[in-house]
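Single-structure report; data block below.
Read the figures in this text as sums done on the coordinates, not as results from a lab. Keep in mind that what you see is a predicted model, and the values were worked out from it rather than measured. With ideal geometry, Cβ positions are generated from the backbone for all residues, glycine too; neighbour counts draw on all protein chains shown.
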Amino acid sequence: MILGIDHVGLATGDAEGVGVLLAALGLSKVEAGVAEPYGVSCDFWQFGPDPRLPAVEVVAPVAEGSSIDGRLARNGPGLYHIAFEVDDLEAELTRLRGNGFTPVDAEPCQGARPGMTVAFLYLRKPAGVLVELVHYRTRRRAPAP
């Protein structure tokens, strides 16, 4: 089950510059990490420290051949993906594949936050959106009523 929006990802080659913009908007950097399987750094910005609040994730390449190199070359910096926290990653991957989403990852990978496992899917039509499913070893939010 999808539990809620975890974060919205922004792709950039200038994480520090985007950080200045987010700070000017009143957000604070609450976490940072590297998603090594993707070759990217991930800075998480929020309006408060509560881990249940949605975040803005600033994604920047840290390794040659990172997962966002092609995206930055084609489209430049900007909105990259929307991430949803789920209670059962495999079940949601199966459900969304059955609803027309195309898996990007062959299997789930370690994310940039401790205890975070992620998998990406793409839906070309009608929205052309990249979706990240996020599962935490320790759940951050409760299921919707």
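At a glance:
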read-out: Surface/4 estimate of mean projected area, convex hull on alpha-carbon atoms of the chain, nm²; value: 8.8
read-out: Long-range Cα-Cα pairs in the stretch 30-99 (distance over 15 Å), rounded percent; value: 65
read-out: Inter-label distance, nm, simple model (7 Å from Cα along the C-beta direction), ALA127/THR94; value: 2.4
read-out: Extension reserve of the PHE47-ASP69 stretch, reckoned as 0.36 nm per residue once the Cα distance is removed; value: 5.1 nm
read-out: Dipole magnitude (debye, nearest 20) for the stretch 2-136, charges at Cβ of Lys, Arg, Asp, Glu; value: 500
read-out: Surrounding net charge for LYS29, when Lys and Arg each add one and Asp and Glu each subtract one, Cβ distance under 14 Å; value: -3
read-out: Largest-first principal axis extents of the Cα set of the stretch 1-62 (Å); value: 31, 30, 15
read-out: Ordering of 9-17, 97-105 by burial proxy (mean other Cβ atoms within 10 Å per residue, highest first); value: 9-17, 97-105
read-out: The stretch 69-83 - phi-based ³J(HN,Hα) in whole Hz, Karplus 6.51/-1.76/1.60, Gly and Pro as x; value: 4, x, 4, 5, 5, 6, 10, x, x, x, 4, 10, 7, 10, 10
read-out: Helix-only mean residue ellipticity at 222 nm for the chain, each DSSP H run of n ≥ 4 adding -39500 (n - 2.57), per residue, nearest 500; value: -5000 deg cm²/dmol
